[in-house]
Structures are given as structure tokens and as C-alpha cells.
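The values are calculated or read from the model by the stated rules, or taken from the named source; none is laboratory data. These figures come from a predicted structure and were not determined experimentally. Cβ: placed from backbone, ideal geometry, glycine included. Neighbour counts: every protein chain shown.
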């Protein structure tokens, strides 16, 4: 389960996922580079006592560190391969709370949005059965699709969001042992 961060990060940093720079005035994230918002970058710089700057010019190592500390940690290393990618990509694109909720619903446990010992124990059980891990990935992908369809910006971004989930699902299923 440990050690899949590099592969998951490589998926999210693909040009067709989060790669490149964007400053779409209709996107609530605002100015972003490689999926990291200007606000996140400024906060990271502040926490590390470094000057703010343009996120488009941020070093790749800083972008990668933000992904690891804000979206990968502390739970993804507990997750089975493949499930970790689906969880990570959900956290990046829809937020950590939804990642936990979708995971819990797939595990068929109380979906309280808290990744505690019940969720951790259920994850461990899922990791022992590749067929269950695949089913969990598919259920999480379906949760994401339904959530996107409810989003008021679906008309504008829906095709891209659904494409992202499908690519993530395919990649995640390919990681399952």
C-alpha cells in the first residue's frame, strides 16, 4: 500500500488532468498551475517562510510537495493500490471531505466524512481482496460522476470532469494487483 505516491502524482500531473496553467474567470479555483491554486501556493510559501510569487512560476518540487502534504497525506498510504489513486484524485478535484465520503459509501459504512478507525479497518479488509478493491474503485467513480452531475457548473465543465473520472478509473483499476 505504501509507495504509490509517485505513480498517483504522475497521473494527476498529466496535461489532460491537472497539467499546465489556467486562469479561467469562471473557475472557482482561480489562477492555477499544475492543479495548485494561487491561494494554496501563497499559503505554502507563508508556512515555509518564503516569499509569495506567481504560482505559474512555482518550482515543480514545491508543486509536488503541496500535492503530497495537502492531498496524499495522511490517508493514501493506508489505501490499496488503485483505491489510493481514486481517493487522491477525488481529494485534488473535489476536496478531502468528498474523498472520504465516497470511500465510506463504497465501503458501505457510515458516511460521516471522518477517516477514523472504522474507516481504516474497513480499508484494510478491502486491501486483502483485489476484487473488492476493484468494486470499490468503480463505486467511488460512480459517486464522483453523480456528484459532478449535481454541480451547477456541470454544463461548462462536465464533459472534462466525466472524462477525468473515466481516465482515473481506468488507471486505478490497472494498479490493482
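Residue-wise test of (1) buried (at least 20 other Cβ atoms within 10 Å of the Cβ); (2) within 22 Å of residue 3 (Cα to Cα).
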residue	(1), (2)
42	no, no
45	no, no
49	no, no
64	no, yes
70	no, yes
85	yes, yes
107	yes, no
113	no, no
137	yes, yes
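Within the stretch 1-18, residues that are closer than 16 Å to residue 93 by Cα have Cβ atoms under 8 Å from residues that are surrounded by fewer than 18 Cβ atoms within 10 Å (Cβ to Cβ) and at pLDDT below 85 in these pairs: 13/19, counting only partners at least 6 apart in sequence or on another chain. Can you tell me which of 96, 172, 126 is closer than 23 Å to residue 15 by Cα and in contact with a helix residue (DSSP H, G or I) (Cβ under 6 Å, 6 or more places away or on another chain)? One residue alone meets the criteria, 172. Looking across the stretch 99-117, just one residue is out of contact with any helix residue (DSSP H, G or I) (no Cβ under 9 Å at 6 or more places or on another chain) and in a helix (DSSP H, G or I), and that is 117.
Filtered by the rule that a residue be surrounded by fewer than 14 Cβ atoms within 10 Å (Cβ to Cβ) and part of a helix (DSSP H, G or I), the stretch 139-171 gives 146, 149, 150, 155, 156, 159, 160, 163, 166, 170.
Would you check which residues across the stretch 15-29 are out of contact with any strand residue (DSSP E or B) (no Cβ under 6 Å at 6 or more places or on another chain) and loosely packed, with under 14 Cβ neighbours inside 10 Å and list them? The answer is 15, 16, 19, 23, 24, 25, 26, 28. Say whether the condition of being more than 19 Å from the chain's Cα centre (by Cα) and modelled with pLDDT under 95 is met by at least one residue in the stretch 168-177. Yes, because at least one residue in the stretch 168-177 is more than 19 Å from the chain's Cα centre (by Cα) and modelled with pLDDT under 95. For the stretch 73-98, a residue qualifies if it is in contact (Cβ under 8 Å) with a residue 40 or more places away in the chain, more than 19 Å from residue 167 (Cβ to Cβ) and in a helix (DSSP H, G or I), and the qualifying residues are 77, 78.
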